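Scroll down for the structure; my scribbles are underneath it.
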Amino acid sequence: MVIPSDAIPYRAMILAAGRGERMRPLTDQLPKPLLQVGGQRLIEYQIRRLAQAGFRQIVINHAYLGTMIEEMLGCGARYGVEITYSPEREVLETAGGIANALPLLTDSHFERPFLVVNADIYCDYDYVTILPVLEDMQVNSFNRLAHLVLVDNPVHHATGDFALDQNRVVLPADNSLTFSGIGVYHPLLFREIASKQPAKLAPLLRAGINDACVTGEYYAGLWFDIGTPDRLEQLDRKLNSQNS
């Protein structure tokens, strides 16, 4: 595939390896990223928004029923992007999955940061706004290894995850916010994780926060964590009403 001339030099990853246990029985025979809402599959919303922002090279990891994801999305040509897949024989968790995909995300440019988004969220965040963060992180990795987009706490996660002190992410005491599943990372954040080793992201982020190497921003727009069939149905009604 020929990458369009307007493509940005950074790559994006969509995390799609989760089993989707809470979505059963909808996910008994279909991977969660392929569930439909508002007339599109969950993962397609992310791909199209990334393409609109200029991301043309997208890596997608998968495990459970992963071949269905590859068969559905193909090489990405219909979306104007190039999709590369990072299959996992066992679920490597978030950090493990990202570390396993680093050769696809960084190629020969191991100092180049990248964007990571969850496949199971719906958000109208404009990924164009994250480009200055990618550019800054590439030259300032000594004090910026991650950048997180934080949102208001949903009802099902009232305690939140982190807090913001100006543009720095801090461990919460008051005024906590929820991690949206959208983040920019430098490859150095994953330097201690061996290939194909399961590892969670939260401990890496906490260590980076303690070292004052994690920045963040607050996003007040539409955001849904689609973790249950009820939330999927709620979002489907919302999107269909907007389109009617």
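Looking across the range 196-206, the residues that are under 24 Å from I226 (Cα atoms) and surrounded by 21 or more Cβ atoms within 10 Å (Cβ to Cβ) come down to L201, L205.
To keep it simple, each residue is scored yes or no on (1) at pLDDT 95 or above; (2) among the aliphatic types (A, V, I, L, M); (3) exposed (fewer than 15 other Cβ atoms within 10 Å of the Cβ).
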| position | (1), (2), (3) |
| --- | --- |
| T67 | no, no, yes |
| E82 | yes, no, no |
| L92 | no, yes, no |
| N100 | no, no, no |
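Residues that are surrounded by fewer than 20 Cβ atoms within 10 Å (Cβ to Cβ), among the acidic types (D, E) and either modelled with pLDDT of 85 or more or out of contact with any strand residue (DSSP E or B) (no Cβ under 8 Å at 6 or more places or on another chain) (or both) do occur in the range 183-195, at least one of them. Of all residues being under 20 Å from the mean Cα position of the chain (by Cα) and at pLDDT below 95 in the range 146-155, which is surrounded by the fewest Cβ atoms within 10 Å (Cβ to Cβ)? Just the residue, please. Of everything passing the filter in the range 146-155, D152 is surrounded by the fewest Cβ atoms within 10 Å (Cβ to Cβ). Please work out if G54 is in contact (Cβ under 8 Å) with a residue 12 or more places away in the chain, out of contact with any Lys or Arg (no Cβ under 6 Å at 6 or more places or on another chain) and farther than 22 Å from G183 by Cα. Criteria not met by G54. Being out of contact with any strand residue (DSSP E or B) (no Cβ under 6 Å at 6 or more places or on another chain) and buried (at least 19 other Cβ atoms within 10 Å of the Cβ): is that true of F179 here? It is false that F179 is out of contact with any strand residue (DSSP E or B) (no Cβ under 6 Å at 6 or more places or on another chain) and buried (at least 19 other Cβ atoms within 10 Å of the Cβ). The single condition from (1) within 15 Å of the chain's Cα centre (by Cα); (2) not in a helix (DSSP H, G or I) that V91 fails is (1). Restricting attention to the range 8-26, the residues that are touching a residue at least 40 places away in the same chain (Cβ under 8 Å) and assigned to a loop (DSSP other than H, G, I, E, B) add up to 10.
The values are calculated or read from the model by the stated rules, or taken from the named source; none is laboratory data. Values in this document were obtained by computation on a predicted structure and should not be read as measured data. For neighbour counting, all protein chains shown are included, and Cβ atoms are generated from backbone atoms with ideal geometry for every residue, glycine included.
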